[in-house]
1. Given the criteria β-branched (Val, Ile, Thr), modelled with pLDDT under 85, surrounded by 10 or more Cβ atoms within 10 Å (Cβ to Cβ) and outside any helix (DSSP H, G or I), does THR49 qualify?
2. Suppose we filter segment 1-29 for residues that are modelled with pLDDT of 85 or more, loosely packed, with under 12 Cβ neighbours inside 10 Å and part of a helix (DSSP H, G or I); how many remain?
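The values are calculated or read from the model by the stated rules, or taken from the named source; none is laboratory data. Just so it is clear, the model here is predicted, and its values are computed rather than measured. All Cβ positions, even for glycine, are placed from backbone atoms using ideal geometry, and neighbour counts span all protein chains on display.
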Amino acid sequence: MSSEGVVSAETRGLLGDRCLDYVTVLEDLLAAQTVSSAYTADHARGAATVHREEHDVERA
């Protein structure tokens with residue numbers, strides 16, 4: 001919190017749009033309104049879908 005009463009917050013470890021859920025939570029807890037927001041690199045990391053397959057292979 002700054003001397004002007006401005007609260008700054010940043011989510012960490014939340015990938016993709018999951019971080020947006022916390023904006024409303026913080027607004028409610030602080031009885032405040034978001035003035036500005038921006039996506040972090042974690043937002044982009046959540047947008048990429050990783051496809052992983054595992055196969056059982058029987059070897060002779």
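1. Details: β-branched (Val, Ile, Thr): yes; modelled with pLDDT under 85: yes; surrounded by 10 or more Cβ atoms within 10 Å (Cβ to Cβ): no; outside any helix (DSSP H, G or I): yes.
Against the criterion (β-branched (Val, Ile, Thr), modelled with pLDDT under 85, surrounded by 10 or more Cβ atoms within 10 Å (Cβ to Cβ) and outside any helix (DSSP H, G or I)), THR49 does not qualify.
2. Selection size over segment 1-29: 5.
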